[in-house]
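Here is the structure we will look at.
The values are calculated or read from the model by the stated rules, or taken from the named source; none is laboratory data. Remember, predicted model here, so these are calculated numbers, not experimental data. Here the Cβ is made from the backbone with ideal geometry for all residues, glycine too, and neighbour counts use every protein chain on show. For the accessible areas, the whole protein counts, side chains as well, though only heavy atoms, and no ligand, DNA or RNA atoms are used. Shrake-Rupley method; radii C 1.70, N 1.55, O 1.52, S 1.80 Å.
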Amino acid sequence: MLPEMLERGDGGILFVYGSSVMFPAGGVSGPVPLMAAARNYILTLHEELAGRGVYAGGLAVRALIAQSQASQAVKAGEMKLNMELPVVEPHELADLEWELLRARNQADVLYPAS
């Protein structure tokens, strides 16, 4: 996809991952190294694409997504977390993703910020 976006001079790539790529935590050691590598890729790609019309960015979610399998498992006591996490609605993330793709000015965003 990237070559076509560069040829067109427009497009966007947005990766979404858990905040453990920024703040390592126990219980998620399996996928985190791969997602941390994806985060590093998107950060360097953001720099490489600057001024070429194509956006690359990442969104680290530090919350449970309402109605997700993980959220339901935590609520049912089937999954234990080492920390308290807020619950965000899927539409909140969709709105933020749209804004990131529209504005194209941030390579790395943590949501919620605190």
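Okay, here's what the table says:
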| read-out | value |
| --- | --- |
| Filter result (on the phi < 0 side of the Ramachandran plot and in contact (Cβ under 8 Å) with a residue 60 or more places away in the chain) within segment 63-114 | Leu93, Glu97, Leu100, Leu101, Ala107, Asp108, Leu110 |
| Filtered residues of segment 16-62 (kept if at pLDDT below 95, on the phi < 0 side of the Ramachandran plot and either assigned to a loop (DSSP other than H, G, I, E, B) or among the aromatic types (Phe, Trp, Tyr) (or both)) | Tyr17, Met22, Phe23, Pro24, Ala25, Gly26, Val28, Ser29, Gly30, Pro31, Ala50, Arg62 |
| Subset of segment 3-14 (residues that are over 19 Å from the mean Cα position of the chain (by Cα) and either in contact (Cβ under 8 Å) with a residue 60 or more places away in the chain or open to solvent by less than 40 Å² (accessible area, probe 1.4 Å) (or both)) | Met5, Gly9 |
| Test: residue in segment 98-112 that is in a loop (DSSP other than H, G, I, E, B), open to solvent by less than 40 Å² (accessible area, probe 1.4 Å) and not small (Gly, Ala, Ser) | yes |
| Residue ID - nearest to Gln106 (Cα to Cα), chosen from residues in segment 63-76 that are part of a loop (DSSP other than H, G, I, E, B) and open to solvent by 40 Å² or more (accessible area, probe 1.4 Å) | Gln67 |
| Every residue from segment 15-30 that is out of contact with any helix residue (DSSP H, G or I) (no Cβ under 6 Å at 6 or more places or on another chain) and either open to solvent by less than 70 Å² (accessible area, probe 1.4 Å) or without any contact (Cβ under 8 Å) to a residue 12 or more places away in the chain (or both) | Val16, Gly18, Ser19, Met22, Pro24, Ala25, Gly26, Ser29, Gly30 |
| Whichever residue in segment 67-82 is within 24 Å of Ala38 (Cβ to Cβ) and touching a helix residue (DSSP H, G or I) at 6+ places or on another chain (Cβ under 9 Å) and, among such residues, is modelled with the highest pLDDT | Ser68 |
